[in-house]
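A.B. asks: Before I ask anything, here is the structure I am working with.
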2 protein chains.
Amino acid sequence: MTTKQTIYYTLTDEAPSLATCSLLPIVRAFTSAADIDIKITDISLAGRILASFPDNLNDDQKVEDGLAFLGNLTQDPDANIIKLPNISASVPQLKACIAELQSQGYDIPDFPEDPQSEADKEIQARYSKILGSAVNPVLREGNSDRRAPGAVKAYARKFPHSMGKWSQASQTHADYMRNGDFFSSEQSITMSDAGSVRIEYVDPQGNVEVKKELPLEKGEVLDSMRMSCKELRDFFEASMQDAKDTGVMWSLHVKATMMKVSHPIVFGHAVTVFYKELFEKHGELFEELGVNPNNGIGSVYDKIASLPRSKREEIEEDIHACYEHRPKLAMVDSAKGITNLHVPSDVIVDASMPAMIRNGGKMWDANGQTADTKAVMPESTYARIYQEMINFCKTNGAFDPTTMGTVPNVGLMAKKAEEYGSHDKTYECKAGTMRVVAQDGTVLMSHEVADGDIWRACQTKDEPVRDWVKLAVTRSRLSNTPAIFWLDSERAHDMELKKKVEACLQEHDTDGLDIHIMSYNEAIRFSMERQIRGLDTISVTGNVLRDYLTDLFPIMELGTSAKMLSIVPMLKGGGMYETGAGGSAPKHVQQVEEENHLRWDSLGEFLALAVSLEDVGIKKDNQKAAILAKTLDAATGKLLENNKSPSRKTGELDNRGSHFYLGLYWAQEVAAQTEDEELAAHFATLAKTLADNEEKIVAELADCQGKPAELDGYYHANRETVKRVMRPSATLNAALAAIA
Amino acid sequence: MTTKQTIYYTLTDEAPSLATCSLLPIVRAFTSAADIDIKITDISLAGRILASFPDNLNDDQKVEDGLAFLGNLTQDPDANIIKLPNISASVPQLKACIAELQSQGYDIPDFPEDPQSEADKEIQARYSKILGSAVNPVLREGNSDRRAPGAVKAYARKFPHSMGKWSQASQTHADYMRNGDFFSSEQSITMSDAGSVRIEYVDPQGNVEVKKELPLEKGEVLDSMRMSCKELRDFFEASMQDAKDTGVMWSLHVKATMMKVSHPIVFGHAVTVFYKELFEKHGELFEELGVNPNNGIGSVYDKIASLPRSKREEIEEDIHACYEHRPKLAMVDSAKGITNLHVPSDVIVDASMPAMIRNGGKMWDANGQTADTKAVMPESTYARIYQEMINFCKTNGAFDPTTMGTVPNVGLMAKKAEEYGSHDKTYECKAGTMRVVAQDGTVLMSHEVADGDIWRACQTKDEPVRDWVKLAVTRSRLSNTPAIFWLDSERAHDMELKKKVEACLQEHDTDGLDIHIMSYNEAIRFSMERQIRGLDTISVTGNVLRDYLTDLFPIMELGTSAKMLSIVPMLKGGGMYETGAGGSAPKHVQQVEEENHLRWDSLGEFLALAVSLEDVGIKKDNQKAAILAKTLDAATGKLLENNKSPSRKTGELDNRGSHFYLGLYWAQEVAAQTEDEELAAHFATLAKTLADNEEKIVAELADCQGKPAELDGYYHANRETVKRVMRPSATLNAALAAIA
């Protein structure tokens, strides 16, 4: 351990990377006064590509592998990382980035879509590691601590977002399977010793096929569960009939992006049940054409495009005929006629359900009107909490952001903590038996499966669970808030975890703390009852509820989940501070290129930086860091109150202007504090200079707007060019230089 | 204490008194074998009248005062009383009874409706004590223990009653005040010492009027609360508007018969808000006519009947005009056009809400169709439990009588235990302050009141609370069932009780028992979640919830509350066993007089007698009584299973035939048991005789039917005549005589 502390700031992509260029000089002006270094680590898509092909680059072009560096750093107790949103690259994005780098003179290979040679296969393997959600799994080496920062909560209380009215007579409800789903079939075991288990499929003749061998740790929890294809399809049919009979819209809410094996299958069944007459009539043709209902009814439209016009029109008429016997569908885009069943990725349950609830239980129909809806989430495990909240809102009315308490989350996330998304252990089955077998042949878990059933297994390691319990106790203590472990008494997995939690709680000092274990319905009800009375309750949950609740509650409380503070206290003692959700915003970059206005809101970075500094203050006993943390939070609060967040309109205050105000308020706060007079004196000048030049700086920051800005690259823009674009105020630059 | 035990069987009125005449000879054949005496005590309306005027009667006519006798008996630890339903006489019933007695040669005075002389006033005072609910207050010298007997529950599981389907999209809901009601204003104190308090009204000028002086015991709880007239009327207006906007029916659920001061006022406000244009236009005329909206819109129709035709028609048109701007009203009688607002006594919340919930959340509209409804219960204290159950049924579907668990009740009832119906301490206020003041002038509780506000105080004594806690512990132990005290954390009264309960629980052995204190919403949810999983939960409640829940749950579980076992374990140690609810059924007597068929079901007596015998078995260590109790229950179960309950159709098995089968099955059960061979042998002959003559006896019991039966009196029928009518089977009579 050194006394000097380094904060690692990620350089990512698109809007966040532009914003960093403007913000960091301001931040450094402050942190240097507390002997804190800020180092940039490149984990941008371009950076990760370049780092993957060092042999193709000359020495000037070679870059450090930022992600690998941070991956190692997560194991360091001193790690302090501020993580900005980055691109989870799709194939088209990857290709565009490769092309850009090649055009800049980097001799990297093309992406081989259909590799044949060994060399191409090796290249594809390297690119595969860059595709998709490649950063989070490496960096999230800890559990999750998410909460609404005080300043943000205060702002929402003072300037509440809009909330739709809930009618007591609303017909909206959550609909889910009562039998045959994962919840009703879940089995779970805890390994008393380390050892391997086999996942096996036994066919009706008794032939055994080993699907996978899993090495498990001592204390590791392994679950298995089965969703019945037949019961799922019967459920869909009954649900659609009921919606038709009762006159409510029908909507489907899954998470096909995350549960990327099981949920597309579930989605596909919804499509073939809804359009059953269509698929009955044209099933063979669709098969020939390669229609995949798991990709939505959109897949039908895509694939029939090549058919002769008359045939295509016949099919289109048959599609429309289906609507006559079916309920109205919730729309993703009424204007374009895109329904809920068009593509599986349009409606994502953790975002769509809170939006619906915030909107008084209504979704959009084909005429662009809002209507009550049957919100279908086949798997009941988590769906029940939405029904509980819907009932609560019908009874008590919409939540009131001006008075409601907050529900922060402590989520089990480290070392994957699988509850879903266990893609490598999810199977669409043939009839027979799926089972988990110990090395000595003992059958540990077993499910009869029929054709089309979905079976999956999930692993949860012991160490993260212990850390999660500790984090819950710590958060409960520090925030003086009751903490509820959401562990369902009717769920096998949760009952295994409950044993661990109960044992683990014994090891901690919980004296004076209010810690409970409740089933999901009890837990959400308890939390909501407190919430409408202005009281806070920590939700301590598994990985899925972490994901769902950190959208659900923030969207009620703050109108968005992007303003949440998201901390990953690493298992090894370090800390990662994630900033605002919602991707890296390509549209924002377009606006900069066209009009030199960056609407990106760096609020998440302000918040993350404050806790990062707070951590330095505590761990290094760095009083100056502690003061900077406190004053930064105060400055952020002031910024929100004074409405100095970026405007969406070109010519008005943008990201850069917002950074200026943060610097101004922060300097004023430091200057005004009395704990450290040296520090106060140090920033008094900056505070004065910025205040005196407020009008001038704001004008300089506005004057550059309205004209196109050249960034010399998109995925791999020229840093110097970006710096010129993002720091246009000579007055501000000079003031910052003066304090350095 | 003697070893010989007496069971006191009440002789009441109408159908129950006829049934007693047939049943008792059978019962005595069994109890005499266990050295138990059955004594009849006359508490019929006629009997109570005769007992009140001994001076007017000759020695032959004089009767014992049965009610006074039983009233004294309640103080005896050995008391064992079986209490049948009796007439709660209205004035017309009283007069009819007087006339009948006079015609039989009893020289009792007429009822003076408007007494002037001192003598008449004295006569009226005596009759007043006979009017209305005069029996229960004397006999209910204990708390309440109500449950579904095993045989009844088993029958409902095997032959379930119909249940309406609940739609997930149902619009039905409970609507109640969120502010300004009794719940939101409740204050409560516990007397640390015995002493008097004064209820005072202070006018805006500071003048004090003492409304009442109350002597309170040490440990007695006194509550006070206020319902705002303005907020009530605003609530009604908003509620009606909302129902109109959302297209649901509007229905009002109060308990005007029981809360006979406050609820008619509440009802009256609903009427004048619903028909506000009518009352605005004709208010003065209505006042002249003596229209009282507290008696419903029916009062308008009554009072305008005397007006000239043209005026009457104008008003009737104005009534109809009101409906245009108002939601549809739930109907009491669609055919006759009687709405929910016609008279206040037609819709009684504790019966109407369970009926609605059992019917899938629907009530009847003007066209005789069922429809979703806004069920309005202005006072929120108890209304919230109905909303909780409605939400539960929307989420989980209708309850399933074949699998659901049971929710028995232990209710605080002794020594009145006022929570409502404290008529003598309820006031419709003028603007000012209502307060409760100690003898030393300390203001203990105080409410600002506006014109028209309703203020009330309620008393709960300490001894009954202690006994109630003890009873809950006992029931939890004996039935091995969790017990939940329903005490709401946001209710002042309940928080005073909670202190007592917690202290009191310390005094009992609760080892191994599962006893909790929960708020109403938690308690009902907890109970329902267990119930749909087939689990039982004892509800331990105050007096109002006792009343409401012993309708609500039985109607779901059994389709009726009449089949519940209702025990009053007396404070002094004795026991009273109440039989079937639902009044004394005048229509049944009519059928006997016209066709000699008695459809009255004595199931309640069978059940009550079994627990009465069980009590003898325990208290007197009377093994034979214990065996009779067990075998009687088994016989009752068999009777239900074999469908030997009375039919409604003349010519089929009636009350008498049902009694025969009870005797047959009971004798068979006693003969078959092996615990007491002497007893078995004693009843083997009877069992054989009855079985051998089954066809003959049933025929004898059927043959008498179809012709009129003369009872020689209605309120005071001739006992010998009744005996001849009710015991027409010579074969059965002979068999019973043989065993005596």
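A.B. asks: How far apart, in nm, are two points set 7 Å out from the Cα along the Cα-to-Cβ line at A:S196 and at B:A691?
C.D. replies: Here the answer is 7.0 nm between the modelled labels.
A.B. asks: Follow-up question, since we're still on this one. Taking θ = phi - 60°, what integer Hz values does the Karplus form 6.51 cos²θ - 1.76 cosθ + 1.60 yield along the stretch A:393-409, in sequence order, with x for Gly and Pro?
C.D. replies: For the stretch A:393-409, the Karplus curve yields 5, 4, 7, 10, x, 4, 5, 10, x, 6, 10, 6, x, 10, 10, x, 10 Hz.
A.B. asks: How big is the stretch B:514-638 along each principal axis, measuring the range of its Cα positions in Å and listing the largest first?
C.D. replies: 51, 40, 31
A.B. asks: Could you give each residue of the stretch A:495-510 its phi-based ³J(HN,Hα) in whole Hz, using Karplus coefficients 6.51, -1.76, 1.60 with θ = phi - 60°, and x for Gly or Pro?
C.D. replies: Result, rounded to whole Hz: 6, 5, 5, 4, 4, 5, 4, 4, 5, 5, 4, 4, 7, 10, 7, 10.
A.B. asks: Next question. Only four residue types carry charge here, +1 at the Cβ of Lys and Arg and -1 at the Cβ of Asp and Glu. Report the dipole size of the stretch A:208-317 about the Cα centre in Debye, rounded to the nearest 20. Each step should come with its number before you reach the end.
C.D. replies: Values: 15 positive and 20 negative charges, 56 e Å.
Dipole about the Cα centre, nearest 20: 280 debye.
A.B. asks: With a ≥ b ≥ c taken as the square roots of the eigenvalues of the C-alpha gyration tensor of the stretch A:430-585, please select rounded if a/c is under 1.5 and otherwise prolate if a/b is larger than b/c or oblate if it is not?
C.D. replies: Prolate shape, in that a/c is at least 1.5 and a/b is the bigger ratio.
A.B. asks: Among A:555-567, B:358-370, what's the highest-first ranking by average C-beta atoms within 10 angstrom per residue?
C.D. replies: A:555-567, B:358-370
A.B. asks: Of the peptides A:118-128, B:134-144, how do they stack up when ordered by the mean number of other Cβ atoms within 10 Å, highest first?
C.D. replies: B:134-144, A:118-128
A.B. asks: Ranking request for peptides B:175-181, A:221-227: highest mean number of other beta-carbon atoms within 10 Å first, then the rest in descending order.
C.D. replies: Packing proxy ranking, top to bottom: A:221-227, B:175-181.
A.B. asks: So, one more: Which shape class applies to the stretch B:1-158: rounded if a/c is under 1.5, otherwise prolate when a/b exceeds b/c and oblate if not, where a ≥ b ≥ c are the square roots of the Cα gyration tensor eigenvalues?
C.D. replies: Note, shape of the stretch B:1-158 comes out prolate.
A.B. asks: Give me the angle, in degrees from 0 to 90, between the Cα long axis of helix A:349-358 and the longest principal axis of the Cα atoms of chain A, rounded to the nearest 10.
C.D. replies: With both axes taken from Cα atoms, the answer is about 80 degrees.
A.B. asks: Given the -39500 (n - 2.57) contribution per DSSP H run of 4+ residues, what per-residue ellipticity at 222 nm results for the protein assembly as shown, rounded to the nearest 500 deg cm²/dmol?
C.D. replies: Mean residue ellipticity, 222 nm, calculated: -14500 deg cm²/dmol.
A.B. asks: Right, next: By how many degrees, 0 to 90 and rounded to 10, does the Cα axis of helix B:91-103 deviate from the longest principal axis of chain B?
C.D. replies: Result, in degrees: 40.
A.B. asks: Considering every residue in A:387-399, what mean count of other chain Cβ atoms within 10 Å of its Cβ is obtained? Please list the in-between numbers first.
C.D. replies: Working: counts 5, 2, 0, 3, 8, 1, 0, 6, 8, 2, 1, 0, 0.
Partner Cβ neighbours, averaged per residue: 3.
A.B. asks: Once the label point is placed 7 Å from Cα along Cβ, list for B:A738 the distances to the corresponding points in the other copies, in nm, shortest first.
C.D. replies: Label-point distances to the other copies, shortest first: 12.2 nm.
A.B. asks: Ok, one more. Dimensions of the stretch B:206-329 along principal axes (Cα, Å, largest first)?
C.D. replies: Sorted largest first, the three principal extents are 62, 38, 31 Å.
A.B. asks: So if each residue of separation counts as 0.36 nm, and I subtract the Cα-Cα distance between B:S489 and B:K212, what length gain in nm does that give?
C.D. replies: Once the chain is fully extended between B:S489 and B:K212, it gains 96.7 nm.
A.B. asks: For chain B, what are the per-bin percents of Cα-Cα distances with bins 10 Å wide, up to the bin holding the maximum?
C.D. replies: Computed distribution, short to long bins: 3, 13, 21, 25, 22, 12, 4, 1, 0.
A.B. asks: With angles folded into 0 to 90 degrees, how steeply does helix A:543-557 sit against the dominant principal axis of chain A? Use alpha carbons for both and round to 10.
C.D. replies: Approximately 60 degrees, to the nearest ten.
A.B. asks: Determine the alpha carbon to alpha carbon distance for each of A:K212/A:K498; A:K328/A:K362; B:K276/B:K328; A:K121/A:K260; A:K4/A:K624 and list only those over 18 Å.
C.D. replies: A:K212/A:K498; A:K121/A:K260
A.B. asks: Given a Förster radius of 25 Å and the C-beta distance between B:E314 and B:A335 as r, what FRET efficiency does 1/(1 + (r/R0)^6) yield to the nearest 0.05?
C.D. replies: With a Förster radius of 25 Å, E is 0.40.
A.B. asks: Right, next: Could I have the simple spin-label model distance between A:T442 and A:Q116, label points 7 Å from Cα toward Cβ, reported in nm to one decimal?
C.D. replies: Calculated label separation equals 5.2 nm.
A.B. asks: About the Cα centre of chain B, how large is the charge dipole given +1 on each Lys and Arg Cβ and -1 on each Asp and Glu Cβ? Please answer in debye to the nearest 20.
C.D. replies: With only Lys, Arg, Asp and Glu charged at Cβ, the dipole is about 1580 debye.
A.B. asks: If you don't mind, there's one more thing I want to ask. What is the stretch A:241-339's relative contact order, in percent, from Cα pairs under 8 angstrom and six or more apart in sequence?
C.D. replies: Relative contact order, the stretch A:241-339: 35 percent.
A.B. asks: Can I ask one more? Around B:S479, under 14 Å between beta carbons, what's the net of Lys plus Arg minus Asp minus Glu among the other residues? Write out the running numbers ahead of the final one.
C.D. replies: Working: positive: B:R146, B:R147, B:K153, B:R475, B:R477, B:R530; negative: B:D145, B:D514, B:D536, B:E614.
With Lys, Arg at +1 and Asp, Glu at -1, the net is +2.
A.B. asks: How far, in whole Å, is the nearest Cβ of chain B from the axis relating it by rotation to chain A, and which residue carries it?
C.D. replies: B:N391, 2
A.B. asks: I'd like the distance separating the alpha-carbon centroids of the stretch A:679-740 and the stretch A:1-73, in whole Å.
C.D. replies: Computed from Cα coordinates, the inter-centre distance equals 21 Å.
A.B. asks: Please compute, for peptide B:521-528, the average count of beta-carbon atoms on other protein chains lying within 10 Å of each residue's beta-carbon.
C.D. replies: Partner-chain Cβ atoms within 10 Å, mean over residues of B:521-528: 1.
A.B. asks: Provide an ascending nm list, one decimal, of label-point separations from B:D76 to the equivalent residue in each further copy; define each label point as 7 Å from Cα along Cα→Cβ.
C.D. replies: Spelled out, the distances from B:D76's label point are 9.2 nm.
A.B. asks: About the Cα centre, and with charges only on the beta carbon of Lys, Arg (+1) and Asp, Glu (-1), how big is the dipole of the protein assembly as shown? Nearest 20 debye, please. Please list the in-between numbers first.
C.D. replies: Working: 162 positive and 220 negative charges, 8 e Å.
About 40 debye.
A.B. asks: All other residues with a Cβ under 15 Å from the Cβ of B:Q75 taken together, and with Lys, Arg as +1 and Asp, Glu as -1, what is their net charge?
C.D. replies: In short, -2.
A.B. asks: Simple spin-label model, 7 Å along Cα-to-Cβ: B:V91 to A:A238 in nm?
C.D. replies: Label at B:V91, label at A:A238, 5.8 nm between them.
A.B. asks: A:S133 to B:S162: FRET efficiency via 1/(1 + (r/R0)^6), r the Cβ-Cβ distance, R0 41 Å, to the nearest 0.05?
C.D. replies: With a Förster radius of 41 Å, E is 0.15.
A.B. asks: With both partners inside chain A, how many of the DSSP beta bridges are antiparallel, as a percent to the nearest 5? The partial results should precede the final answer.
C.D. replies: Working: 51 of 83 bridges.
The antiparallel proportion sits near 60 percent.
A.B. asks: Nearest 5 is fine: what % of DSSP beta bridges in the protein assembly as shown come out antiparallel, could you say?
C.D. replies: Roughly 60 percent of the DSSP beta bridges within the protein assembly as shown come out antiparallel.
A.B. asks: Can you bin the protein assembly as shown into rounded, prolate or oblate? Criterion: square roots of the alpha carbon gyration tensor eigenvalues sorted a ≥ b ≥ c, rounded for a/c under 1.5, prolate for a/b above b/c, oblate for the rest.
C.D. replies: Prolate, since a/c reaches 1.5 and a/b exceeds b/c.
A.B. asks: What net charge is computed for the residues neighbouring A:G105, neighbours being all others with C-beta under 15 Å from the C-beta of A:G105, Lys and Arg scored +1, Asp and Glu -1?
C.D. replies: Once all neighbours under 15 Å are counted, the net charge is -4.
Throughout, read-outs are computed from the coordinates displayed, never taken from laboratory work. It should be emphasised that the depicted structure is a prediction, and the values quoted were computed from it without experimental measurement. No Cβ is skipped: glycine too gets one built from the backbone with ideal geometry, and neighbour counts run over all protein chains shown.
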